[in-house]
Amino acid sequence: MKEISNKKEKKILDFAGNFKYLTYLGCFLSGISSILVLVPFICIYKIAYEILKVLPKIEQASNIEQYGWYAVLFSILGIIVYFAALMCTHLAAFRTAKNMRSEAIHHMVKLPLGYFDKNGSGKIRRVIDESSASTETLLAHMLPDLAGAIVTPIAMLVLLFTFDWRLGLLSLVPMILGFFSMRKMMGKEIEESMRQYENALEEMNNEAVEYIRGIPVVKTFNQTVFSFENFHKSIMKYKNWAVNFTITMRPPMCKFTVAINSIFALLIPAGILLIGTAVNPQKFLSDFIFYIIFTPIITIVMNKIMFSSEDLMMARDGARRINAILQEKPLEECEFPNIVRKSDIKFNHVTFTYPGSDRKALDDISLEIKQGSTVALVGPSGGGKTTIASLIPRFFDVDSGEITIGGINVKNISNEDLMNHVSFVFQNTNLFKTSLYENIKFSKQDATKEEVINAAKAAQCEEIFDKMPDGINTVVGSSGVYLSGGEAQRIALARAILKEAPIVLLDEATAFADPENEHKIQKAFEVLTKNKTVLMIAHRLSTVKNADKIIVIEDGQIKESGTHEELLSKNNLYAKMWEDYKKSISWKVKDNKNIKNKLKSNLREESKVM
């Protein structure tokens, strides 16, 4: 076996490929830009000094115009270099985000379908979209700003101590206090909090998707959001986390904000005290003006450092989540796969436990489905029926034992060949927002229009097309076009009929069908299952009593098997289920009679009034 897993965890820039050099270039240019934009402050200082030196005869000041043009030139040059830096980092950021999404999606294609049952669509969507987007923001904006924010303090230190070391030292006090306050908003603890934040958002997003999908059920039974307990819990969990985190961060954030904005509270009193002792008052005043104009940059730099560090933590967490997908073990692919010639299915002492569970879903299951026969699985909910069906197309791989198709272990069949041999019809049918024609054709992309129409006829879909505005070309979900559960199931059956796979798996395929639709679905089954190997799961025992073999599953084990008559004669679990089923039918008939009688009585009463 050739295993495709255990990839080395990638860092953010590993996803950029050769574009990471653009990131390095962008950060370098941003550092150069941060130096260039400091030059105008020196020019302003020079202008102030020249003016103060000749006061009150300002017209005698020299080089003012020259310094002014230097200030404009270096400002423009700094903007151009910064623009070039952002161009480089944006190109690298877009490529990084694209590669993260692309690698995650391509890897997911190789994962067993059971992975998508374990991880909801809302959670996966958020990881792929939001996690990659967080790295895009970091690389495109914050990283070059951080590079500039690191270079700027170095240049600032030189300038702060060049003109007046006393004022320079005072200017550093707020920066030092700000760094101490910032430390409490950084580090491993906060990074863990960011991870919890993303977890809470993922969970809430996932539960929101599930809730929206279930809104029809909520409205049908006149319930509220509290009917979806998990969704409500996820909202409250996020709310509690956000409130607690905000309260925790409030003191250090307040201290940080006060510290970096308190520079004038130190400079102005110091300037008033020191100017009286200055040997050259004009020179000191020009220095003081420089510090008053220059020091607000400290506030900007500190804010950039803080927000950049926050984005860096979020981007790291995003990369970890993408890596978590890439680290998921894909299906093992056989290096030299066998070709399937037959369609009989065998389970040989199969045991299986779902990931994260400590209870066996299947325990030493052995069964055989002969080619061309129909086997039905029945039993209490949660007994393992759907698990058996899921293991045949390798939604998951077994823990022990083996499953064979045509005598070949499913692990030794290529994934493509395995999928071509199996058709699925589940109780939850997903239709794409495209035409009914394209929805059916999806199972066989090279099918002719005639083949698609014939499959639709075999699945009893003609009546559906007749009432649609554009017939078979009507787009599902647009302009108020929706299908009932039974109608959607017939479209799914048309897909399966068109595919013509030799093995058919039916999992509660009539669960949401009304009596009229169920009758048509049963007629479609006759076409779909003709000369096929069929595994059928059903709670309505009337749909399985004609199966070649019925297997009763309970607690992950086979309790009994045989034909309908044989199982009734044994008078065990199946016989009891059959009796319960007949009682439920009789109750339904009685209820229907009572409803009809009540309606007739109401009509008689109304006629008397008339």
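Summing Lys and Arg as +1 and Asp and Glu as -1 over all other residues whose Cβ lies under 14 Å from the Cβ of residue 242 gives a net charge of +1. Counted by neighbouring Cβ atoms within 10 Å, the residues 243, 375 run from fewest to most as 243, 375.
Between residue 417 and residue 241, what length comes free when the chain is fully extended (0.36 nm per residue of separation minus the Cα-Cα distance, one decimal in nm)?
Working: separation 176, 0.36 × 176 = 63.36 nm, distance 4.78 nm.
Contour length minus Cα-Cα distance gives 58.6 nm.
Extension gain for residue 280 to residue 254 (0.36 nm times residue separation, less C-alpha to C-alpha distance): 5.4 nm.
Consider a paramagnetic label point 7 Å from the Cα of residue 399 along Cα→Cβ; state which residues of segment 319-354 have an amide N under 12 Å from it. Taking a point 7 Å out along Cα→Cβ of residue 399, the residues of segment 319-354 whose backbone N falls under 12 Å are 350-354.
One chain, two ends: residue 500 and residue 59. Fully extended at 0.36 nm per residue, the span grows by 149.2 nm beyond their Cα-Cα distance. With a Förster radius of 45 Å applied to the C-beta separation of residue 576 and residue 229, the computed FRET efficiency comes to 0.85.
Taking other C-beta atoms within 10 Å as the exposure proxy, 141, 421 rank 141, 421 from fewest upward. For residue 77 and residue 195, a Förster radius of 60 Å and the Cβ-Cβ distance give a FRET efficiency of 0.90, rounded to the nearest 0.05. Just report the Cα centroid separation between segment 74-88 and segment 361-440, whole Å. What the calculation gives is 59 Å, centre to centre. Sort 341, 125 so the one with the fewest other Cβ atoms within 10 Å of its own Cβ comes first. The order, fewest Cβ neighbours first, is 341, 125. Projecting label points 7 angstrom from Cα along Cα→Cβ for residue 554 and residue 98 puts them 5.9 nm apart.
The calculated FRET efficiency for the pair residue 334 and residue 109, based on their C-beta separation and a Förster distance of 25 Å, comes to about 0.90.
Each residue, residue 158 and residue 25, gets one label point 7 Å from its Cα in the Cβ direction; the gap between the two is 2.5 nm.
Computed from the coordinates by the stated procedures, all read-outs in this text should not be read as laboratory data. Here the structure is a predicted model, which means the values were calculated and not measured. Note: ideal-geometry Cβ built from the backbone for every residue, glycine included; neighbour counts use all protein chains shown.
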